[in-house]
Amino acid sequence: MKWNGHGWRLLGRQGLNRGNLQIADFRRARGVYALYGDTGIYYVGLASGAEGIGGRLRDHTVDDHQWYWSRFSWFAFDSPSETEMYPDGVLKHEAWPSIEAEDKLVIREMEALLIAVTSPPGNVQRTRFRYGSKWSQVADSTPEVKTFADLKDRLT
């Protein structure tokens, strides 16, 4: 992912083939994200501002956390637009005006989210989201491959 400039995106996918494939940009979506280091979850954060999840991830590439994570996962509270899209067919982000739910539902959804993020071995059954739907992350470009020589300075 290219973090500098304005052309980067945080893409999610639903479906597998042309008949049901949808790709959406979640860069500005509000939600929760987890940063992972070499041994597991390093940091979990909330993205609620105008820059969304993408802005928070970009911030962590230059702040005190920059050296401690190498991958991430994200869970958006907003959804993609059903009609608005970019010229290449990627659906635009659509912010929900507000998030309203009863307390038990909020607690259940947060439990499902925490289990999805942490995958604790003690949870045999996985709580399912009542309203959410899964979007798989899509690479916007070919990832850079690093060798041991590239990373050895970070190991000391």
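The values are calculated or read from the model by the stated rules, or taken from the named source; none is laboratory data. Bear in mind that the values here come from a model prediction, so they are computed numbers and not experimental data. Positions of Cβ are generated from backbone atoms using ideal geometry, with glycine treated the same way; all protein chains shown enter the neighbour counts. To get the accessible areas, we keep the full protein, side chains included, count just its heavy atoms, and leave off ligands, DNA and RNA. Shrake-Rupley method; radii C 1.70, N 1.55, O 1.52, S 1.80 Å.
General observations
- Residue within region 53-62 that is more than 10 Å from the chain's Cα centre (by Cα), touching a residue at least 60 places away in the same chain (Cβ under 8 Å) and either under 23 Å from residue 141 (Cβ atoms) or surrounded by 14 or more Cβ atoms within 10 Å (Cβ to Cβ) (or both) present: no
- Which numbered condition residue 25 fails, given (1) modelled with pLDDT of 85 or more; (2) surrounded by fewer than 18 Cβ atoms within 10 Å (Cβ to Cβ): (2)
- Residue tally, condition in a loop (DSSP other than H, G, I, E, B), within 17 Å of the chain's Cα centre (by Cα) and not charged (D, E, K, R), over region 133-149: 5
- Within region 115-156, the residues that satisfy the criterion of being open to solvent by 100 Å² or more (accessible area, probe 1.4 Å), modelled with pLDDT of 70 or more and of a type outside the set (S, T, N, Q) are 130, 131, 134, 144, 145, 146, 148, 152, 153, 154.
- Within region 63-76, tally of residues that are open to solvent by 50 Å² or more (accessible area, probe 1.4 Å) and either in contact with a Pro (Cβ under 8 Å, 6 or more places away or on another chain) or not in a loop (DSSP other than H, G, I, E, B) (or both): 1
- The single condition among (1) farther than 17 Å from residue 137 by Cβ; (2) surrounded by 17 or more Cβ atoms within 10 Å (Cβ to Cβ); (3) not acidic (Asp, Glu) that residue 79 does not satisfy is (1).
- Test result for residue 89, outside any strand (DSSP E or B), modelled with pLDDT under 80 and surrounded by fewer than 14 Cβ atoms within 10 Å (Cβ to Cβ): no
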